[in-house]
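Read through the structure below, which is laid out as structure tokens, and then see the notes.
Bear in mind these aren't lab numbers, they're just calculated from the coordinates by the rules spelled out. Fair warning: this is a prediction, and the values are worked out from it, not measured in the lab. So basically every Cβ, Gly included, is an ideal-geometry build from the backbone, and we count neighbours across all protein chains shown.
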């Protein structure tokens with residue numbers, strides 16, 4: 001075999017070989033960097049700036065907003081009406097209760113229960129149950145909102161028809177128990193994520209661990225408590241933080257209740273929307289956004305620090 | 001074909017030196033194995049020849065030309081990777097012919113040449129298959145075919161047989177040996193398997209902690225290991241190393257250790273220099289140079305039997321010298337030895353290797 | 001090992017419980033299985049008599065409804081192309097270049113992407129889009145989603161690329177390929193499954209989104225289907241149930257199809273991630 005004549009044409013020198021040179025790497029990062037800077041990073045700083053102004057959607061202050069210092073924050077935290085319905089404090093407490101009840105209790109516990117159940121039940125039951133739980137999670141939120149609207153209808157809804165069939169009085173739940181409606185709604189909507197996370201965590205445990213427990217005569221509950229649960233502790237923490245953040249920021253209940261009746265389901269995200277886009281007070285809405293982001297930041301830092309520890 | 005040369009090459013990753021000040025040259029048509037344990041710098045050295053790592057210091061030359069800062073594509077080299085790196089979306093023909101495609105060859109030339117090479121490697125009937133549809137041995141030959149499909153200055157192999165099972169590995173090793181002698185290609189071959197290096201190489205560079213410990217022909221590495229590290233790495237099982245206490249007088253050297261009985265050896269200047277630093281030396285004897293003797297004659301090691309492993313044609317007899325370590329012998333007889341029984345292993349003086357307290361070889365008189 | 005009576009009863013109880021929970025999840029959706037095919041559908045659960053496709057005919061006769069579906073498609077496809085292309089390039093750079101500070105960039109992006117949610121940043125997003133003069137345009141929705149989805153898309157893809165041996169591109173370069181050839185001939189085809197996942201995930205996110213188009217768009221001819229459905233049942237007084245039922249089903253169909261495609265093709269689930 002002969003070697004081709006070696007060309008002595010000058011070749012570009014490589015200073016330090018990498019699969020992608022630094023220059024190409026920087027070029028590859030540019031489009032994403034621009035988009036993320038403008039639509040994720042800039043809003044973060046812009047919202048802080050706007051929260052110190054009296055900017056509105058319409059009128060004089062739409063074009064020439066004035067600097068008002070902390071006035072928007074004082075308005076949000078005005079002790080005179082902080083806890084009144086339709087005020088920021090009410091929304092914040094409502095949201096906290098909503099997160100506790102629908103995410104930490106509802107989604108996480110139901111997801112855990114489902115994940116454990118579908119490990120043991122016959123495959124066809126597993127498949128059917130999973131299908132509906134995941135359908136609740138993947139279908140577009142507007143469709144889900146309308147589905148529940150129909151489901152809860154006072155006169156014809158499926159729920160009241162069922163209650164009637166077992167001899168219970170019907171109810172107009174959207175009017176009578178709006179908070180519990182959105183709690184159940186959000187639990188129903190989001191349980192799939194926890195179920196999928198926990199079920200993949202369970203299935204990553206070597207089956208021999210459970211077989212060893214079987215041989216030792218452990219009950220199903222003991223296997224769950226002594227083997228399953230301790231081994232997925234990391235996943236539980238991840239799950240709790242993620243669903244807390246998502247539930248805290250969710251806007252979906254708006255599609256079912258519009259925040260009403262009389263502000264009783266007005267979560268901070270919905271409050272933010274009303275202040276900014278119904279009342280047109282952008283400055284105040286921005287202040288709400290800043291507080292939401294600070295809360296998000298706290299959770300994100302905890303989450304990232306756990307993620308970093310795990311990697312080490 | 002071309003030669004390869006390293007001139008004082010150092011490669012650091014942060015504060016860690018993967019390769020420290022290594023210089024060596026590989027002649028045209030040589031088959032050199034870089035041999036050593038994992039982390040010794042052998043793969044990094046190979047990747048610097050390929051251009052996949054850039055040296056921190058020093059130069060790499062191929063065919064007398066300084067290619068230190070050349071892109072891999074400009075080096076006219078071939079490389080077979082440990083994981084074969086076959087492209088999962090291309091069939092074998094396209095995989096093998098990929099180097100020709102980037103050289104702008106026509107489809108018909110590409111496929112003709114791929115078929116030629118594939119036929120030589122007995123994978124011609126598989127050209128339409130995807131890599132996922134063929135066996136591990138066939139994948140290995142496909143990656144070899146891709147390296148052979150175009151003329152190269154140097155052929156690089158990064159542990160190419162380590163993913164094969166034992167039987168296939170022997171077969172592939174024999175084939176590689178034949179191919180290299182047949183083509184006379186310049187090859188650099190990284191392995192941690194000393195048997196592979198012995199079988200394939202015209203020269204072996206034994207590496208440890210980023211340095212070349214010994215660079216010599218396989219037979220020399222086996223007969224005259226430069227350090228205890230080499231002695232311990234080459235040979236299966238490796239050389240027995242026994243710590244001895246040395247003293248000298250009247251032009252002869254006395255060695256003492258538990259269970260060891262050895263006739264005085266001739267004293268040399270080098271031994272004298274070694275003893276000036278420390279009276280502790282290391283004595284080495286290869287297992288195949290030990291045999292079972294009766295009674296306590298000179299040039300023997302006597303200890304209780306620890307294990308007797310039958311390997312078919314031979315047995316590995318290991319005796320335990322308690323705190324002083326174990327000694328293994330390759331015995332070609334079918335002895336029925338009892339565990340704990342005292343066994344005497346004899347050797348002849350010309351098979352004795354001596355190393356100083358730093359582990360460097362002390363040449364025997366006349367070496 | 002013999003199956004004891006109590007274990008057997010336990011099995012049955014587990015199955016019954018799982019089936020019960022499954023049924024509870026199915027209940028609010030049952031209506032959707034029947035109403036779209038019922039020409040006289042109301043909010044109550046009723047078997048269609050007869051089964052008919054007339055509601056779908058109504059949908060396709062409604063210009064606003066058809067236009068909204070089309071708008072959804074424009075916005076989703078536009079966003080997906082941007083996310084797919086930008087995320088692939090960026091993830092490849094994060095995985096394969098030795099650019100200094102790429103670890104810090106990754107950390108900061110991850111942090112911001114989880115802090116800046118759509119519902120927290122609706123005011124500044126509106127103001128930025130407004131300042132760019134893009135209010136009430138498809139581009140506004142496309143760009144906003146591209147920015148919002150990119151960090152997560154980049155991380156999914158970077159992890160995917162990290163798991164691919166570098167020897168693919170290395171072997172190509174040793175064989176004579178330039179970095180560009182190695183990227184297009186070897187890396188891109190191997191990364192493709194990861195790109196498909198990211199593209200499907202982004203599509204489903206944009207297609208199903210409500211809040212961002214709701215605040216950024218005003219006129220009927222820009223509205224995506226999500227906002228159209230919301231206005232059908234919230235503003236029109238008594239909703240036209242027959243139209244809504246069929247329309248919602250059509251609107252959900254791409255999501256269902258994509259979900260089935262991905263679970264068939266890749267056998268794993270990825271819906272989730274950070275919602276913009």
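Here are a few things to note about the model shown:
- Nearest-0.05 FRET efficiency for residue B:307 and residue A:13, computed from C-beta distance (R0 60 Å): 0.55
- Chain A: calculated mean residue ellipticity at 222 nm from DSSP helix runs of at least 4, using -39500 (n - 2.57): -19000 deg cm²/dmol
- Taking each residue as 0.36 nm, the span from residue B:168 to residue B:261 lengthens on full extension beyond its C-alpha to C-alpha distance by 29.1 nm.
- Semi-axis lengths, largest first, of the ellipsoid equivalent to the range B:196-240 are 14, 14, 9 Å, with √(5λ) applied to each eigenvalue of the Cα gyration tensor.
- Cut-off 15 Å (backbone N to label point 7 Å along Cα→Cβ of residue B:195), residues of the range B:213-251: B:234-238
- Per-residue ellipticity at 222 nm computed for chain B from its helices equals -7500 deg cm²/dmol, with DSSP H segments shorter than 4 residues left out and the rest contributing -39,500 (n - 2.57).
- Residue C:159-residue C:77 FRET efficiency (beta carbon distance; Förster radius 25 Å; 0.05 resolution): 0.50
- If you wrap the Cα atoms of the range B:237-362 in a convex hull and average its projected area over all directions, you get 7.6 nm².
- Label-to-label distance, nm, for residues given as residue B:348 and residue A:22 (7 Å Cα→Cβ offset): 6.4
- Residue A:297 versus residue A:109: modelled label distance in nm, points set 7 Å from Cα along the beta carbon direction: 3.4
- Net length gained if the chain between residue C:240 and residue C:137 were fully extended (0.36 nm per residue, minus Cα distance): 34.3 nm
- Value at 222 nm in deg cm²/dmol, rounded to 500, when DSSP H runs of n ≥ 4 in chain C each add -39,500 (n - 2.57): -23500 deg cm²/dmol
- Here the scattering of the range B:4-232 is modelled by Debye summation over its C-alpha atoms, one equal scatterer each and no solvent; at q = 0.10, 0.13, 0.15 Å⁻¹ the log10 of I(q)/I(0) is -0.46, -0.77, -1.01.
- The range A:162-312: mean projected area of Cα convex hull, nm²: 13.6
- Full extension of the segment from residue B:130 to residue B:224, taken as 0.36 nm per residue of separation minus the current Cα-Cα distance, would add 29.1 nm.
- Footprinting exposure proxy for B:173, C:218 (fewest neighbouring C-beta atoms within 10 Å first): C:218, B:173
- Measure of compaction for the range C:114-272 (Cα Rg per 2.2 N^0.38 Å): 1.33
- Residues in the range B:279-299 reached by a label modelled at residue B:232 [backbone nitrogen below 15 Å; 7 Å Cα→Cβ]: B:281-285
- Separation in nanometres of the label points that stand 7 Å from Cα toward Cβ, at residue B:293 and residue B:181: 3.8
- Stokes-Einstein diffusion of chain A at 37 °C, 0.692 mPa s viscosity, Kirkwood radius from Cα pairs, rounded to a whole number: 138 µm²/s.
- With eigenvalues of the C-alpha gyration tensor scaled by 5 and rooted, the range B:140-203, Å: 18, 14, 11
- Share of Cα-Cα pairs in chain C lying beyond 36 Å, as whole percent: 33
- Paramagnetic label zone (point 7 Å from Cα along Cα-to-C-beta, residue C:51; backbone N under 17 Å) in the range C:232-266: C:246, C:249-250
- What the Cβ-Cβ distance of residue A:48 and residue C:34 gives, at R0 = 41 Å and to the nearest 0.05, is a FRET efficiency of 0.25.
- With eigenvalues of the C-alpha gyration tensor scaled by 5 and rooted, the protein assembly as shown, Å: 70, 35, 29
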